[in-house]
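First comes the structure, then the notes that go with it.
The values are calculated or read from the model by the stated rules, or taken from the named source; none is laboratory data. For clarity, every value in this text was computed on a predicted model and none was experimentally measured. Cβ placement follows ideal geometry from the backbone for every residue including glycine, while neighbour counts extend to all protein chains displayed.
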Amino acid sequence: MTELRLEELSAATIVAANSLTLLPGQEQFVAPPSYAIADAFLNPATSWPRVVLDGDRVVGFIRGNFDPEAEQEEFRSCIWRVSVAADVQGSGVGKFAVLALADEARQRGFTRLNALWEPGEDGPEEFFIHTGFTVVGETQYGERIGALTL
(Lines give C-alpha, C1' and ligand atoms only; values in the text may rest on other atoms or scores of the structure.)
Protein backbone atom coordinates (compact mmCIF):
# COMPACT_ATOMS: atom_id res chain seq x y z
CA MET A 1 0.00 0.00 0.00
CA THR A 2 1.09 3.51 -0.69
CA GLU A 3 0.26 6.25 1.77
CA LEU A 4 -3.45 6.35 2.58
CA ARG A 5 -5.33 9.62 2.37
CA LEU A 6 -8.88 10.86 2.84
CA GLU A 7 -10.81 12.82 0.29
CA GLU A 8 -14.29 14.28 0.48
CA LEU A 9 -16.85 12.18 -1.37
CA SER A 10 -17.30 13.67 -4.83
CA ALA A 11 -18.69 12.93 -8.28
CA ALA A 12 -15.27 11.51 -9.15
CA THR A 13 -15.30 8.98 -6.28
CA ILE A 14 -18.95 8.20 -5.63
CA VAL A 15 -19.22 5.27 -8.06
CA ALA A 16 -16.11 3.61 -6.62
CA ALA A 17 -17.39 4.12 -3.05
CA ASN A 18 -20.73 2.60 -3.99
CA SER A 19 -18.98 -0.38 -5.62
CA LEU A 20 -16.84 -1.44 -2.65
CA THR A 21 -17.18 -5.18 -2.10
CA LEU A 22 -17.15 -6.73 1.35
CA LEU A 23 -16.15 -10.17 2.53
CA PRO A 24 -18.88 -12.82 2.40
CA GLY A 25 -21.23 -12.51 5.37
CA GLN A 26 -20.51 -8.84 6.03
CA GLU A 27 -23.31 -7.48 3.84
CA GLN A 28 -25.93 -8.30 6.47
CA PHE A 29 -24.35 -5.83 8.89
CA VAL A 30 -24.40 -2.72 6.72
CA ALA A 31 -26.87 -0.85 4.58
CA PRO A 32 -25.92 -0.59 0.92
CA PRO A 33 -23.34 2.18 0.36
CA SER A 34 -25.84 4.09 -1.77
CA TYR A 35 -28.02 4.64 1.35
CA ALA A 36 -25.19 6.21 3.32
CA ILE A 37 -24.08 8.25 0.33
CA ALA A 38 -27.60 9.54 -0.35
CA ASP A 39 -28.10 10.40 3.32
CA ALA A 40 -24.83 12.33 3.34
CA PHE A 41 -26.25 14.67 0.72
CA LEU A 42 -29.62 14.94 2.49
CA ASN A 43 -27.94 16.11 5.71
CA PRO A 44 -24.98 18.19 4.52
CA ALA A 45 -24.87 20.35 7.65
CA THR A 46 -24.03 17.42 9.92
CA SER A 47 -22.66 14.75 7.57
CA TRP A 48 -18.97 14.02 6.98
CA PRO A 49 -18.60 11.58 4.02
CA ARG A 50 -15.05 10.63 2.99
CA VAL A 51 -13.38 8.05 0.83
CA VAL A 52 -10.07 6.44 1.67
CA LEU A 53 -7.66 6.37 -1.23
CA ASP A 54 -4.61 4.22 -1.75
CA GLY A 55 -2.95 6.01 -4.64
CA ASP A 56 -5.84 6.67 -7.03
CA ARG A 57 -7.90 3.68 -5.89
CA VAL A 58 -10.85 4.05 -3.52
CA VAL A 59 -10.33 1.36 -0.87
CA GLY A 60 -12.74 2.56 1.81
CA PHE A 61 -15.63 4.81 2.72
CA ILE A 62 -16.53 6.40 6.05
CA ARG A 63 -19.42 8.61 6.95
CA GLY A 64 -19.48 10.46 10.21
CA ASN A 65 -22.16 12.64 11.69
CA PHE A 66 -21.59 15.65 13.92
CA ASP A 67 -24.74 17.12 15.45
CA PRO A 68 -24.26 18.67 18.89
CA GLU A 69 -28.02 19.27 19.02
CA ALA A 70 -28.98 15.60 18.55
CA GLU A 71 -31.45 14.45 21.18
CA GLN A 72 -29.63 11.16 21.79
CA GLU A 73 -26.04 11.57 22.96
CA GLU A 74 -24.75 8.66 20.86
CA PHE A 75 -25.78 10.49 17.67
CA ARG A 76 -23.97 13.76 18.40
CA SER A 77 -20.56 12.52 17.25
CA CYS A 78 -20.77 9.17 15.54
CA ILE A 79 -19.77 6.84 12.76
CA TRP A 80 -22.72 6.08 10.51
CA ARG A 81 -20.80 3.80 8.22
CA VAL A 82 -17.36 2.44 7.54
CA SER A 83 -16.65 0.08 4.65
CA VAL A 84 -13.35 -1.33 3.46
CA ALA A 85 -12.77 -3.22 0.21
CA ALA A 86 -12.56 -6.95 0.87
CA ASP A 87 -9.08 -7.35 -0.60
CA VAL A 88 -7.52 -4.78 1.76
CA GLN A 89 -9.33 -5.59 4.99
CA GLY A 90 -6.88 -6.15 7.82
CA SER A 91 -4.28 -3.78 6.38
CA GLY A 92 -5.16 -0.69 8.45
CA VAL A 93 -7.56 1.07 6.06
CA GLY A 94 -10.53 0.97 8.45
CA LYS A 95 -8.48 2.05 11.44
CA PHE A 96 -7.01 4.90 9.39
CA ALA A 97 -10.52 6.10 8.47
CA VAL A 98 -11.88 5.84 12.02
CA LEU A 99 -8.91 7.66 13.54
CA ALA A 100 -9.26 10.43 10.93
CA LEU A 101 -12.93 10.77 11.88
CA ALA A 102 -11.93 10.83 15.57
CA ASP A 103 -9.47 13.67 14.82
CA GLU A 104 -12.25 15.60 13.08
CA ALA A 105 -14.55 15.06 16.07
CA ARG A 106 -11.83 16.28 18.44
CA GLN A 107 -11.24 19.39 16.30
CA ARG A 108 -14.97 20.12 16.49
CA GLY A 109 -14.84 20.01 20.29
CA PHE A 110 -16.28 16.55 20.92
CA THR A 111 -14.76 14.35 23.64
CA ARG A 112 -16.31 11.09 22.48
CA LEU A 113 -16.92 9.32 19.17
CA ASN A 114 -19.69 6.72 19.05
CA ALA A 115 -20.45 3.79 16.80
CA LEU A 116 -23.45 1.48 16.65
CA TRP A 117 -23.27 -2.04 15.31
CA GLU A 118 -25.25 -5.22 15.21
CA PRO A 119 -23.51 -8.04 17.07
CA GLY A 120 -22.92 -11.33 15.32
CA GLU A 121 -20.46 -13.59 13.58
CA ASP A 122 -18.71 -11.73 10.72
CA GLY A 123 -19.90 -8.44 12.24
CA PRO A 124 -17.78 -5.37 13.00
CA GLU A 125 -17.58 -5.69 16.79
CA GLU A 126 -14.04 -7.10 16.83
CA PHE A 127 -12.89 -4.27 14.54
CA PHE A 128 -14.38 -1.55 16.75
CA ILE A 129 -13.01 -3.08 19.97
CA HIS A 130 -9.56 -3.47 18.35
CA THR A 131 -9.73 0.19 17.25
CA GLY A 132 -10.28 1.33 20.84
CA PHE A 133 -14.05 1.44 21.28
CA THR A 134 -15.64 0.23 24.51
CA VAL A 135 -19.19 -1.13 24.58
CA VAL A 136 -21.17 1.34 26.71
CA GLY A 137 -24.74 0.27 26.02
CA GLU A 138 -27.28 -1.22 23.71
CA THR A 139 -30.13 0.26 21.67
CA GLN A 140 -33.70 -0.89 22.05
CA TYR A 141 -33.13 -2.91 18.86
CA GLY A 142 -30.17 -4.85 20.29
CA GLU A 143 -27.40 -2.92 18.54
CA ARG A 144 -24.26 -2.31 20.56
CA ILE A 145 -23.26 1.25 21.33
CA GLY A 146 -19.50 1.73 21.39
CA ALA A 147 -17.61 4.80 22.53
CA LEU A 148 -14.10 5.99 21.83
CA THR A 149 -12.88 8.62 24.30
CA LEU A 150 -11.06 11.41 22.47
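Being farther than 23 Å from Q26 by Cβ and among the polar types (S, T, N, Q), is that true of even one residue in the range 81-88?
No, every residue in the range 81-88 fails to be farther than 23 Å from Q26 by Cβ and among the polar types (S, T, N, Q).
Under 8 Å between Cβ atoms, which residue pairs at least 6 apart in sequence (or on different chains) link something in the range 3-21 that is closer than 10 Å to R50 by Cα with a partner that is at pLDDT below 85 and small (G, A, S)?
L9/A40
Of S83, S77, which residue is farther than 26 Å from A11 by Cβ, of a type in the set (S, T, N, Q) and in contact with a Leu (Cβ under 6 Å, 6 or more places away or on another chain)?
Of S83, S77, the one residue that is farther than 26 Å from A11 by Cβ, of a type in the set (S, T, N, Q) and in contact with a Leu (Cβ under 6 Å, 6 or more places away or on another chain) is S77.
Which ranges mark the strands (runs of 3 or more DSSP E) fully within the range 71-144 that have 2 or more residues being at pLDDT 95 or above and surrounded by 19 or more Cβ atoms within 10 Å (Cβ to Cβ)?
77-84, 112-117
Please go through the range 96-150 and pick out each residue that is charged (D, E, K, R) and closer than 15 Å to S83 by Cα.
Passing the criteria: E118, D122, E125, E126.
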